[in-house]
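One structure below.
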Amino acid sequence: MNSPRVMIVGGGAAGYFAAIAAAERGVDVTVLEKTARVLDKVRISGGGRCNVTHACFEPREFAACYPRGGRALLGPFQTFSARDTVAWFAARGVELKTEADGRMFPATNSSQTIVDCLQIAAQQAGVKSRLNAGVDAIVKLPDGRFRLRVGGHSQGCETLLCDRLLLATGGCRSLAAGQLAVSLGHTLEAPVPSLFTLKIESSWLHSLAGVATAAEVIVAAAKLRERGPLLVTHWGLSGPAVLKMSAWGARTLHALNYQFPLLVNWLPDGNVEKIIQEFQGRRQAAGARLVGNFPLAPLTARLWEQLVLAAGIPRETRWSVLTRPQAHVLVRQLVRTEFHVSGKSLNRDEFVTCGGVKLGEVQFKTMESKICPGLFFAGELLDIDGVTGGFNFQAAWTTGFIAGRAMASGWPDNGRMD
C-alpha cells in the first residue's frame, strides 16, 4: 500500500504552514482537518484582520513575551523569526503593516488575505487536504510508520498510513484534546485558560462599557501587575492589560478559581502628590465648577464622572467646597479602585490555553518527539502560549516551519514518491 510520506493532523496555522514547508521540498503531504474547512482560526483572529506577528525582531526580546515556552523558542526564533514571517508573506505578494502597539496585520486589513495566501502556497506546493477527517486513534507500527484511524464510528472508519506524522491540533482545552499525543507516549501539562477577560459585578463600571483608557491592573494575591490599554465591557474588564495579566497569571488565577480582588490605577503615569496639587489648583482657579464636570487628563469625561460618584462625592459638589477627606478618597479612587473579580470569560470565548505536550519531550531544533521517532509537533498543542499581540501566531509559523522542513529532510529521493 502506497502511503503519503507525511501526514499532518490539524489544518490550522501551524499545521498548514508545516505542510507548505514540507511540500515545497518535494515531500508528499496530506493535511487531515476534522472540520469543514481549514484555517478557521486565522479567519476570525484579530477581529477578522489577523494579527500575523509582532514587530519585534530580536529573538531574545520576542521570546520574553511567552509566559510558557519562551526559553524553548529561543533557538527556533533564530531559525524563523518575525522578520522571516514578514519576508515569507512579502515574497508571496502580501504586505504587512505595523500598528502603533507593534501588532502586524495585512495591509488589506482582512484575514482573508492571509488565508488566500496560505491556500495558494499550499496548492502550488502540492499539499493535499482532507476535510471532515477527524483522527480518533494513532498507532506506531513496528516498521516505524503510523497507522491513523479516521472518521470515527458514526461515519465509518478509514485507516491511513504515513511515514512521518505531525500533530498540530491546537490548544488543549481539556486533557482529552491531547490524547493522540498521550497515546504515542507523551505527557501533558494540565490545560488552563489563558488570555481571558474578567467578570466584575459593578453597575457603575458596566455603565462605562466601551470606554478604553491606559491603566495599570494589579492582583496582589497573585503578585501580578500589568500596564496597558484597558477596555470596559458590559461584564467587566478586558483589553491588552487584562489579557497580558491573564496570560502571565494563568495558573495562579486558575488556582484562585477566578475569585480575587483587583486593583486598577487609572492614572499610571501620575502620582498622588501631583494629583493633590492639581486638586488644590482647581479649588483656587476653578472653584465654581462642578467636580464631576472637570475631568483630570487623560481620563474621559464619562470615566471621570463615574469615578467621582464612586468616591461618594455628590454630583452638585464644586471644587471650592471639596473637603480634604473627600479629596483623599477621590485620589484613592483614581489610583487604587478596588473591584471583586467573580469569574472570567466563558470558555467558548477563549482563544488560547496554556498547557499541552511537555516541552522537555520535544527536540526544538526539529520539533520531533524525543519519545516517538517520526512524530512531530507544532503550534498550541505544545505547552507554549504568548501574550496578546501576534505572538501566538508567530509561535505557530516558527514551529510549523521548522517541523515541516525537518519532516522533509533525510529521504533518499528528497521525499518524492516513485
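The values are calculated or read from the model by the stated rules, or taken from the named source; none is laboratory data. This structure is a prediction, so every number in the text was calculated from the model and none was measured. Note that we place each Cβ from the backbone using ideal geometry, even for glycine, and neighbour counts take in every protein chain shown.
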Exercise. Output yes when any residue across the stretch 224-231 is farther than 25 Å from Gly270 by Cβ and either without any contact (Cβ under 8 Å) to a residue 12 or more places away in the chain or in the same structural domain as Leu267 (by TED's automatic domain parsing) (or both), and no when none is.
Key: no
Quiz item: If only one of Cys162, Cys117, Cys172 is surrounded by 13 or more Cβ atoms within 10 Å (Cβ to Cβ), in the same structural domain as Val52 (by TED's automatic domain parsing) and within 30 Å of Gln259 (Cα to Cα), which one is it?
Solution: Cys172
Exercise. Please name all residue pairs, on different chains or six or more residues apart, with Cβ atoms under 9 Å, provided the first residue is in the stretch 301-315 and is at positive phi and the second residue is buried (at least 20 other Cβ atoms within 10 Å of the Cβ).
Key: Gly312/Leu330; Gly312/Gln333
Quiz item: Do we find that Val264 is under 24 Å from His340 (Cβ atoms), in contact with a Ser or Thr (Cβ under 9 Å, 6 or more places away or on another chain) and assigned to a strand (DSSP E or B) in this structure?
Solution: yes
Practice problem: Of the conditions (1) under 22 Å from Leu309 (Cβ atoms); (2) in a helix (DSSP H, G or I); (3) of a type outside the set (A, V, I, L, M, F, W, C), Gly178 clears all except one; give me its number. | Solution: (1)
Quiz item: Of the conditions (1) touching a strand residue (DSSP E or B) at 6+ places or on another chain (Cβ under 9 Å); (2) assigned by TED's automatic domain parsing to the domain that holds Leu165; (3) not hydroxyl-bearing (Ser, Thr, Tyr), Val291 fails just one. Which one is it?
Solution: (2)
Quiz item: Out of (1) surrounded by 17 or more Cβ atoms within 10 Å (Cβ to Cβ); (2) of a type outside the set (Phe, Trp, Tyr); (3) within 22 Å of the chain's Cα centre (by Cα); (4) over 28 Å from Lys358 (Cα atoms), what's the single condition that is false for Ala212?
Solution: (1)
Exercise. Find the strands (runs of 3 or more DSSP E) located wholly in the stretch 90-134 whose residues include 2 or more that are within 22 Å of the chain's Cα centre (by Cα) and touching a residue at least 40 places away in the same chain (Cβ under 8 Å), and list them.
Key: 96-98, 103-106
Quiz item: Within the stretch 344-365, restricting attention to residues that are part of a loop (DSSP other than H, G, I, E, B) and of a type outside the set (Lys, Arg), which residue is modelled with the highest pLDDT?
Solution: Phe364
Exercise. Go through the stretch 192-215 and count every residue that is touching a helix residue (DSSP H, G or I) at 6+ places or on another chain (Cβ under 7 Å), under 24 Å from Gly386 (Cβ atoms) and not polar (S, T, N, Q).
Key: 6
Quiz item: For Ala190, all conditions in the list (1) modelled with pLDDT of 95 or more; (2) surrounded by fewer than 21 Cβ atoms within 10 Å (Cβ to Cβ); (3) assigned to a strand (DSSP E or B) hold save one; what is the number of the exception?
Solution: (1)
Exercise. Would you mind finding the one in Gly185, Gly144 that is touching a residue at least 60 places away in the same chain (Cβ under 8 Å), in contact with a Cys (Cβ under 9 Å, 6 or more places away or on another chain), assigned to a loop (DSSP other than H, G, I, E, B) and over 30 Å from Leu303 (Cβ atoms)?
Key: Gly185
Exercise. For the stretch 292-346, enumerate the residues that are surrounded by fewer than 16 Cβ atoms within 10 Å (Cβ to Cβ), of a type in the set (Gly, Ala, Ser) and over 22 Å from Ser202 (Cβ atoms).
Key: Ala297, Ser320
Self-check item: Residue list for the stretch 365-386, restricted to those being crowded, with 21+ Cβ neighbours inside 10 Å and of a type outside the set (A, V, I, L, M)
Solution: Glu368, Ser369, Phe376, Phe377, Gly379, Glu380, Asp383, Asp385, Gly386
